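*Asks:* The structure's right below; bear with me while I get my questions together.
Every read-out reported here was derived from the displayed coordinates using simple, explicitly stated rules and does not represent laboratory data. What you are looking at is a predicted structure, and each value in this text was computed from that prediction instead of being measured. In this analysis, Cβ positions are derived from the backbone assuming ideal geometry, glycine residues included, and neighbour counts consider all displayed protein chains.
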Amino acid sequence: MTDTIERVFRAYDVRGIYGKDLTEEVAEVIGKAFGTYLEEGETIIVGRDVRLSGEPLQKALMEGIRSTGCNVIDVGVLPTPIFYFSIIHYEADGGVMVTASHNPAEWNGFKFCPNQTL
């Protein structure tokens, strides 16, 4: 797992090839880490883009976040700017967008956004 974590963590996000570097197991561990970074009872927005791997990664990520006692609002498939808006709209404590942005379709990843950055 340590090698995988080193490969997927980038300067501003987490991304890798789905099924190779980025799996549901990795997504759940990342969700637990983000939920632990925040405080129990805080609310996290989770959204995703249209990539086929987005739904299973989002579910695993949300399971990890919920295991820390944080609340999750699933905003489904939406563009990244609307994801940022949803954090403010729902007065959430932060959010995670499941996306690999401009990378090829076999890639996916996570953009993290603690509310204090908005």
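*Asks:* Using only alpha carbon pairs under 8 Å that are at least six residues apart, calculate the relative contact order of region 2-117 and give it in whole percent. Walk me through the intermediate numbers first.
*Replies:* On the way: 222 pairs, mean separation 35.6, N = 116.
Computed over region 2-117, the figure is 31 percent.
*Asks:* From the list [x] 12.3; [y] 7.5; [z] 6.4, can you say which value of mean projected area of the Cα convex hull in nm² was derived from the structure given?
*Replies:* [z]
*Asks:* On to the next question. Taking the Cα centre of the chain as the origin and placing charges on Cβ (Lys, Arg +1; Asp, Glu -1), which of Pro114, Ile88, Ala100 is farthest toward the positive end of the dipole?
*Replies:* Value: Ala100.
*Asks:* What list of ³J(HN,Hα) couplings, whole Hz, do you get for region 49-66 from phi and the Karplus terms 6.51, -1.76, 1.60, once you set θ to phi - 60° and write x for glycine and proline?
*Replies:* 3J(HN,Hα) across region 49-66, in whole Hz: 8, 8, 4, 4, 7, x, 5, x, 5, 5, 4, 5, 4, 5, 4, x, 4, 4.
*Asks:* Taking 0.36 nm per residue of sequence separation and subtracting the Cα-Cα distance, how much length would be gained by fully extending the chain between Val50 and Thr80, in nm to one decimal? List each step's numbers first, then the result.
*Replies:* Details: separation 30, 0.36 × 30 = 10.80 nm, distance 1.12 nm.
Stretched out fully, the Val50 to Thr80 stretch lengthens by 9.7 nm.
*Asks:* Give, rounded to the nearest 20 debye, the magnitude of the charge dipole that the chain has about its Cα centre when Lys and Arg contribute +1 at Cβ and Asp and Glu contribute -1 at Cβ. Walk me through the numbers before you get to the answer.
*Replies:* Values: 10 positive and 17 negative charges, 68 e Å.
I would put it at about 320 debye.
*Asks:* Could you work out how much longer the chain between Glu106 and Ala33 gets when fully extended? Use 0.36 nm per residue separation minus the Cα distance between them, nm to one decimal. It would help to have the intermediate numbers written out before the result.
*Replies:* Numbers: separation 73, 0.36 × 73 = 26.28 nm, distance 2.42 nm.
Full extension from Glu106 to Ala33 adds 23.9 nm.
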